[in-house]
1. Could you give every pair whose Cβ atoms fall below 7 Å, whose first residue belongs to the range 31-60 and is over 17 Å from Ser109 (Cα atoms), and whose second residue is of a type in the set (Asp, Glu) and not in a helix (DSSP H, G or I), counting only separations of at least 6 or pairs across chains?
2. I'm trying to understand the selection: among the residues of the range 322-337, which are among the acidic types (Asp, Glu) and under 14 Å from Arg30 (Cβ atoms)?
3. From the set of residues in the range 264-314 that are open to solvent by 70 Å² or more (accessible area, probe 1.4 Å) and in contact (Cβ under 8 Å) with a residue 60 or more places away in the chain, which is nearest to Glu327 (Cα to Cα)?
4. Answer yes or no: is there a residue in the range 254-263 that is of a type in the set (Gly, Ala, Ser), surrounded by 15 or more Cβ atoms within 10 Å (Cβ to Cβ) and touching a Lys or Arg at 6+ places or on another chain (Cβ under 7 Å).
5. Identify all residues within the range 10-41 that are over 32 Å from the mean Cα position of the chain (by Cα) and either modelled with pLDDT of 95 or more or part of a helix (DSSP H, G or I) (or both); write none if there are none.
6. Can you name the residue in the range 337-396 that is β-branched (Val, Ile, Thr) and open to solvent by 40 Å² or more (accessible area, probe 1.4 Å) and is also modelled with the lowest pLDDT among such residues?
7. Say we look at the range 115-134 and pick out the residues that are among the aliphatic types (A, V, I, L, M) and farther than 14 Å from Ala33 by Cβ; which of these is farthest from the chain's Cα centre (by Cα)?
Amino acid sequence: MSNKMWGGRFQSGPDAIMEEINASIDFDKRLWAQDIRGSLAHVTMLEAQGILGPADAAAIRDGLEAVRGEIESGAFTFSRALEDIHMNVESRLAAIVGPNAGRLHTARSRNDQVATDFRLWVRDTIDELDAQLKDLMTALADKALAFAGAVMPGFTHLQSAQPVTFGHHLLAYVEMLARDRGRFADARRRLNECPLGAAALAGTSFPIDRFATARALGFDRPTANSLDSVSDRDFALEALSAASISAMHLSRFAEEIVIWTTPQFAFVALSDKFTTGSSIMPQKRNPDAAELVRAKAGRVIGALVALLVVMKGLPLAYAKDMQEDKEQTFDALQTLSLAVAAMAGMVRDMQPDLKRMKAAAGAGYATATDLADWLVRTLNLPFREAHHVTGRLVAAAAARKVGLEKLTLAEMQAVEPRIDDGVYAVLGVERSVRSRTSHGGTAPANVRAQARRWARLLARP
């Protein structure tokens, strides 16, 4: 039997294994809405240009709306024998409209059709992700404002470094997510050109209006080169790159939640909504939502690498290899969407243990830098000398197994005779964070100002 799509050139159908490897309908059927939108824009343009008569155009539009209704209602049957979403829609359209449905494909190819559908899907998904990232940022900013003065240890190398506030720590992720939104916005701006009308690779001899179809589909302009139009997948790669960076940020935060919820840290608690138990250990409360967010970052990053490898050796223009562009992009962006939603839920759910965090903030001689700064300000020591003096005082405190604030004045003066009792004013963790008033510092006043600033920005439409 001759193939329905390419007619007389082929006298029989494909081998079963060829049909299996060639079919993409199992995953590209999610492009159905974009495919119908693109076809409606195309048929309207064909009519406006006099390429298609009004009666045929009206019948095709009505048929496409009927197909849309069937898919939305679940009545549509997708066929693997028809290979992809484009031929599934076209075949059903022909059954509704008759042979004249074939006029819809005038002046276009599946190459520019899929490139248009895919851009539309990625653009729609970027818009959805942007709204989700904004919601997560709002959750973080709200929590940061509520706990702007809650002291906790700040770490480097996962060792106690200096006291910070819980609000300040949360706002760090707001900054990261803001950059993630910026990367997605940049990717959206660059992808917002319409490939429709590039046809197979060389354009078309029909007098089409590519600017009209671009406007109808919300693109800024048509793509400028027909070869590039059908072979470009930069837009998907850029979206996956932005997604990978965002997933990495979520994974870092998820790792901190995993650490913070351990009994050894016990900085925050998650409720039953975002934890699970153990089948054998009744005492367990596992932060599985955070662990899964951490793990799912690997899927997102893997999708970027996979598509880079698919594209790296392809000559212009279209090659069937590009069928492998969609499955991992669909999975990665929807995986990121799920991870963002889970993280927003955890942020709103988590409750910090303020006493535990404050006690931990003073451990590990976390105010040593405050002591060194005091020596610079008060005794006019060069910082390197003050650093050395402070190190000796830390060693003395460690030998006694006490905090710096527990050293007597005599013990401190044995190391540096000019130290006076004013030094004790800088050794408390709350005084430490209040003193960090430089722009971007952890002082609670700074944190409140930044949290309120973000709340105002995020409240804008």
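The values are calculated or read from the model by the stated rules, or taken from the named source; none is laboratory data. Note that the structure is predicted; figures quoted are calculated from it, not measured. Counting neighbours? That spans all protein chains shown, and the Cβs are built from the backbone with ideal geometry, glycine included. What goes into the accessible areas is simple: the full protein's heavy atoms, side chains included, and nothing from ligands, DNA or RNA. Shrake-Rupley method; radii C 1.70, N 1.55, O 1.52, S 1.80 Å.
1. Correct list of pairs: Ala48/Asp209; Gln49/Asp209.
2. Selection gives Asp325, Glu327, Asp331.
3. Of everything passing the filter in the range 264-314, Leu308 is nearest to Glu327 (Cα to Cα).
4. Yes - at least one qualifying residue is present in the range 254-263.
5. Ala16, Ile17, Met18, Glu19, Glu20
6. Checking each candidate, the answer is Thr369.
7. This residue is Ala115.
Okay, residues lined up against (1) open to solvent by less than 10 Å² (accessible area, probe 1.4 Å); (2) farther than 30 Å from Cys194 by Cα:
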site: Asp112; (1), (2): yes, no
site: Lys134; (1), (2): no, no
site: Met137; (1), (2): yes, yes
site: Ala141; (1), (2): yes, yes
site: Leu158; (1), (2): no, yes
site: Glu175; (1), (2): no, yes
